[in-house]
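K.L.:
Sharing a structure here in structure tokens format.
The values are calculated or read from the model by the stated rules, or taken from the named source; none is laboratory data. Remember, it's a predicted structure, so these values are computed and weren't measured experimentally. Note that we place each Cβ from the backbone using ideal geometry, even for glycine, and neighbour counts take in every protein chain shown. The area values use the complete protein model at the heavy-atom level, side chains included, leaving out ligands, DNA and RNA. Shrake-Rupley method; radii C 1.70, N 1.55, O 1.52, S 1.80 Å.
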Amino acid sequence: QVQLVESGGGLVQAGGSLRLSCAASGRTFSRNAMGWFRQAPGKEREFVAGIRGSGPITYYADSVKGRFAISRDNAKNTVSLQMNSLKPEDTAVYYCAASERPISGSYSHEYAYWGQGTQVTVSS
């Protein structure tokens, strides 16, 4: 059974940093694209960052570009999201997602597996 488990969420002041981690189990995702999405109250789930399975090619939503960094450790079957210069508008539940393909974009339907989410709250 495939599982994605996020950790690292919490409460932080504006301007602060958090690092989210996602541990995958049940299969290896070293050749699969992985991503982070988020959903704020009353809003639709949105793409945050993605990383290809074939190499360290990353891509970001414009709203987080230059502040967030996605990375992966294939030996540990994990993906992380370093979030710096956090803003109140970054407050959301953050979800880790894994694709069945080595390249996936920014649409939710491109990802087959999802974690349960971790809450990130940024106070002003």
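K.L.:
Limited to the range 60-80, what total is found for residues that are open to solvent by 30 Å² or more (accessible area, probe 1.4 Å), farther than 16 Å from residue 9 by Cα and among the hydrophobic types (A, V, I, L, M, F, W, C)?
P.N.:
1
K.L.:
Going residue by residue through the range 32-51, is there one that turns out to be among the small types (Gly, Ala, Ser) and touching a helix residue (DSSP H, G or I) at 6+ places or on another chain (Cβ under 7 Å)?
P.N.:
Kept after step one, since they are among the small types (Gly, Ala, Ser), are these residues of the range 32-51: 33, 35, 40, 42, 49-50.
After this cut, where a residue has to be touching a helix residue (DSSP H, G or I) at 6+ places or on another chain (Cβ under 7 Å) as well, the list is none.
For the range 32-51, residues among the small types (Gly, Ala, Ser) and touching a helix residue (DSSP H, G or I) at 6+ places or on another chain (Cβ under 7 Å): absent.
K.L.:
All but one of (1) more than 12 Å from the chain's Cα centre (by Cα); (2) of a type in the set (A, V, I, L, M); (3) open to solvent by less than 30 Å² (accessible area, probe 1.4 Å) hold for residue 57; which doesn't?
P.N.:
(3)
K.L.:
Are any of the residues in the range 3-14 under 13 Å from the mean Cα position of the chain (by Cα), over 24 Å from residue 57 (Cβ atoms) and part of a loop (DSSP other than H, G, I, E, B)?
P.N.:
Of all residues in the range 3-14, those under 13 Å from the mean Cα position of the chain (by Cα) come to 4-9.
Next, only the ones that are over 24 Å from residue 57 (Cβ atoms) stay: 5, 7, 9.
Going one step further and asking which of them are part of a loop (DSSP other than H, G, I, E, B), we end up with 9.
Checked the range 3-14: at least one residue is under 13 Å from the mean Cα position of the chain (by Cα), over 24 Å from residue 57 (Cβ atoms) and part of a loop (DSSP other than H, G, I, E, B).
K.L.:
Here's a follow-up. Consider the range 84-117. How many of its residues are closer than 29 Å to residue 13 by Cβ and charged (D, E, K, R)?
P.N.:
3
K.L.:
I've got another one for you. Can you tell me which residue in the range 106-124 is least open to solvent (accessible area, probe 1.4 Å), limited to those that are out of contact with any Asp or Glu (no Cβ under 7 Å at 6 or more places or on another chain) and hydroxyl-bearing (Ser, Thr, Tyr)?
P.N.:
111
K.L.:
Looking at (1) in contact (Cβ under 8 Å) with a residue 12 or more places away in the chain; (2) over 14 Å from the mean Cα position of the chain (by Cα), can you tell me which one residue 44 breaks?
P.N.:
Only one criterion in (1) in contact (Cβ under 8 Å) with a residue 12 or more places away in the chain; (2) over 14 Å from the mean Cα position of the chain (by Cα) is unmet by residue 44, namely (1).
K.L.:
Let me ask something else about it. Quick check, is residue 20 within 16 Å of residue 117 (Cβ to Cβ) and exposed (fewer than 14 other Cβ atoms within 10 Å of the Cβ)?
P.N.:
Numbers: within 16 Å of residue 117 (Cβ to Cβ): yes; exposed (fewer than 14 other Cβ atoms within 10 Å of the Cβ): no.
In short, no.
K.L.:
What's the number of the only condition in (1) open to solvent by 70 Å² or more (accessible area, probe 1.4 Å); (2) more than 29 Å from residue 123 (Cβ to Cβ); (3) without any contact (Cβ under 8 Å) to a residue 60 or more places away in the chain that residue 101 fails to meet?
P.N.:
(3)
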